[in-house]
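Throughout, read-outs are computed from the coordinates displayed, never taken from laboratory work. Please read these numbers as outputs of a predicted model, since none were measured by experiment. Note: ideal-geometry Cβ built from the backbone for every residue, glycine included; neighbour counts use all protein chains shown.
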Amino acid sequence: MPETYSPILLVKKAKKLRESTGDIQFYAPHEKADCTVKALLRRTVFRPFEMPILVLIMAYFSMICGLLYSLFETFPVIWQDLRGFTPHQTSKIFIGVSLGSVLGRYLQLYLARPMKKLIPKWHGHPPCEMNLYGTMFAGPFLVGAIFWLGWTGAYAYIPWWVPALSTIFLGLSFNVAYISMQCYLVDVYLTYAASALAAATICRAFVGAVVPLFTRQMFIGLGTQWACTLTGCFALIICFSPFVFYKYGGRLRSRSKFSQALDLKMKERVEAEEKLEQSKTRDSSYLVGQSSNTKSSV
């Protein structure tokens, strides 16, 4: 595949110029980067905490993954302890999560259509916040699926497949929310997207590993219905996060030295082009009107 990373392309161009001209003054900024241990630590460990919006997204990723993995711990309680399923039978309940994830992928493609249509108009840089449509859409489904799982799974007289159906919506909502927020993260940081994704992944993996250590005790102690109620209320709170990003994300990005905010810069150009198009439309309408009046007078 051809190289597309602009700093590396500049390195290759500078190298060719040095070879063709014999002038060693040609170099790319990437070649002069500080490679000391202190600089590497700053770029890889501390840089993510210099990005305000990344810290918020890391928190959102972590909470979503913590919710999902904590709910996985309730599967044995609902189907093994209450309904007498074997571990092999209980593991088949995860098919619902897989099915929901597949459906979520196609749903995400559909929700991304409005942004895709704006790419030509915005010259390749539509508003980043349009990536959040999927996350905003998935929030209510996640909350509903958690309450559904808890209050139908807590009573053995309810057929096993009723709570099992909720796992489809768990998989769907998590997949849509995760992909949408990840696309948003990439569009926000562009050149620094790899660092941002790495930081979000590490934080998400850490929380996802720690939370299940105590959730089984919570579900047994509180009961499945009340533990899921607590979890659902927490999900209800965090599902408002994408709406906050959608409203204030542009302001946060404009203040960040790591976010290029190309869509904010392109917005002025798009508005100017729209005004020009409206002006042309008014002028053409005026000329058509004048022509009609002339013909009428004749």
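Annotations for the structure displayed:
- Top positive-direction residue, dipole computed over the chain with Cβ charges, set Gly124, Leu197, Val244: Gly124
- Within the chain, the selection of entire DSSP H helices by a Cα span of 18 Å or greater along the long axis and an average Kyte-Doolittle value of at least 0.0 returns 52-72, 94-111, 133-153, 161-189, 193-210, 224-238.
- Placing +1 on each Lys and Arg Cβ and -1 on each Asp and Glu Cβ, with no other charges, gives the chain a dipole about its Cα centre of roughly 600 debye.
- Once divided by 2.2 N^0.38 Å, the Cα radius of gyration of region 162-282 becomes 1.52.
- Binned Cα-Cα distances of region 79-181, short to long, each 10 Å bin given as a whole percent: 16, 37, 24, 14, 7, 2
- Annotation: amide H of Arg83 has no partner in the under-5 Å range at sequence separation 5 or more or interchain, hydrogens built in the peptide plane.
- Between the residues Leu99, Val143, Val186, the greatest Cα displacement towards the positive end of the dipole of region 51-262, with unit charges on the Cβ of Lys, Arg, Asp and Glu, is found for Val186.
- Relative contact order for region 51-262, counting Cα pairs under 8 Å that sit 6 or more residues apart, in percent: 36 percent
- Listed pairs Lys247/Lys267; Lys13/Lys121; Lys116/Lys267; Lys12/Lys267; Lys121/Lys257; Lys12/Lys121 exceeding 21 Å between Cα atoms: Lys13/Lys121; Lys12/Lys267; Lys121/Lys257; Lys12/Lys121
- Anisotropy class of region 133-214 from Cα gyration tensor, a/c 1.5 cut: oblate
- Integer Hz, Karplus 6.51/-1.76/1.60 couplings in order for region 123-128, x for Gly and Pro: 6, x, 9, x, x, 4
- Normalising the Debye intensity of the chain to I(0), with uniform scatterers on Cα atoms only, and taking log10 at q = 0.13 Å⁻¹ returns -0.98.
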